[in-house]
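Single-structure report; data block below.
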Amino acid sequence: MYTMQSWTCICLIICSMQSVCHCCDWIQHHYGHLSSEYLSLLDQMGGDITEQDAPVFFPTSLYRHIDDAEFEDQVRFRNETIYQITKLFDGNMKSVTWDKKKRDDFLNILERQFENLKSCVSPAKKPERRLKRYFKELNRKVLRKMNYNAQAWELIRKETKRHLQRLDIFKAKIH
Ligand SMILES: *[C@@H]1O[C@H](CO)[C@@H](O)[C@H](O)[C@H]1NC(C)=O
């Protein structure tokens, strides 16, 4: 019994070491395919994307800056954006009528990306505060203010789509 446990432990350590070493490979091999998959799930899980705009400015300048950044900074930026998106989708979704299976698949893919990105490069010394502030505002001015109603979630879905599409642009460099 005891040896069983220590073997399991050694295997787990080896596996986790490997996933650290290979995760940048992982991005190269899976990123393109997964990103087109989550974008289509996001489209398919509900009806048309709302015409209304969220009352928060999209961080266009941050993206402009990150377009010319080093690969590692781009990975960190992507990591943080995906993390913030998964955090938003943690909110109360009772009033949402999206296809549950598609929504769960969508969130699982995001989660998987985050798991692979977060340890791929060393974390930033100076975390991107503006990005965090933007997501905080989105949470406050949309989800909380509108009481997590269906329209609030449609605005979040629209904004999320915009980020994921924008993140796709520097996919070319990752390859
Ligand atoms: C990814 O984001 C998480 C959550 O903010 C953070 O803890 C982690 O250090 C980040 N990793 C990288 C490589 O930036």
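The values are calculated or read from the model by the stated rules, or taken from the named source; none is laboratory data. Fair warning: this is a prediction, and the values are worked out from it, not measured in the lab. Cβ sites come from the backbone with ideal geometry, for glycine too, and all protein chains shown count toward neighbours.
Whenever a residue of the stretch 107-135 is in contact (Cβ under 8 Å) with a residue 12 or more places away in the chain and of a type in the set (A, V, I, L, M), its partners that are away from the ligand (no atom under 11 Å from the Cβ) and not in a helix (DSSP H, G or I), lying with C-beta atoms within less than 6 angstrom and at least six residues away or across chains, give the pairs Leu107/Phe89. Assessment of the stretch 120-141 against the conditions (out of contact with any helix residue (DSSP H, G or I) (no Cβ under 7 Å at 6 or more places or on another chain), surrounded by fewer than 19 Cβ atoms within 10 Å (Cβ to Cβ), small (Gly, Ala, Ser) and farther than 21 Å from Asp48 by Cβ) yields at least one matching residue. Here the stretch 104-159 is the region considered, the condition is being among the polar types (S, T, N, Q), farther than 13 Å from Lys87 by Cα and in a helix (DSSP H, G or I), and the residue that is farthest from the ligand (Cβ to nearest atom) is Gln151. For beta carbons closer than 7 Å, sequence separation of 6+ or different chains, a first residue in the stretch 27-44 that is surrounded by 14 or more Cβ atoms within 10 Å (Cβ to Cβ) and a second that is among the β-branched types (Val, Ile, Thr), the qualifying pairs are Ile27/Ile174; Tyr31/Ile174; Leu34/Ile109; Glu37/Ile109; Tyr38/Ile109; Leu42/Thr160. Determine whether Ile85 is at pLDDT below 95 and not aromatic (Phe, Trp, Tyr). No, not satisfied. Residues that are under 19 Å from Lys118 (Cβ atoms) and exposed (fewer than 12 other Cβ atoms within 10 Å of the Cβ) within the stretch 45-82 comprise just one, Glu70.
Mind listing whichever residues of the stretch 152-165 are touching a residue at least 60 places away in the same chain (Cβ under 8 Å) and touching a helix residue (DSSP H, G or I) at 6+ places or on another chain (Cβ under 9 Å)? Scanning the stretch 152-165 gives Trp153, Leu155, Ile156, Arg157, Glu159, Thr160, Lys161, His163, Leu164, Gln165.
For the stretch 58-91, the candidate set comprises residues that are without any contact (Cβ under 8 Å) to a residue 60 or more places away in the chain and part of a loop (DSSP other than H, G, I, E, B); within that set, the residue that is farthest from Lys145 (Cα to Cα) is Glu70. Return the residue satisfying two criteria in turn: it lies in the stretch 61-98 and is of a type in the set (Ser, Thr, Tyr) and under 17 Å from the mean Cα position of the chain (by Cα), and of such residues it is nearest to the ligand (Cβ to nearest atom). The residue in question is Tyr83.
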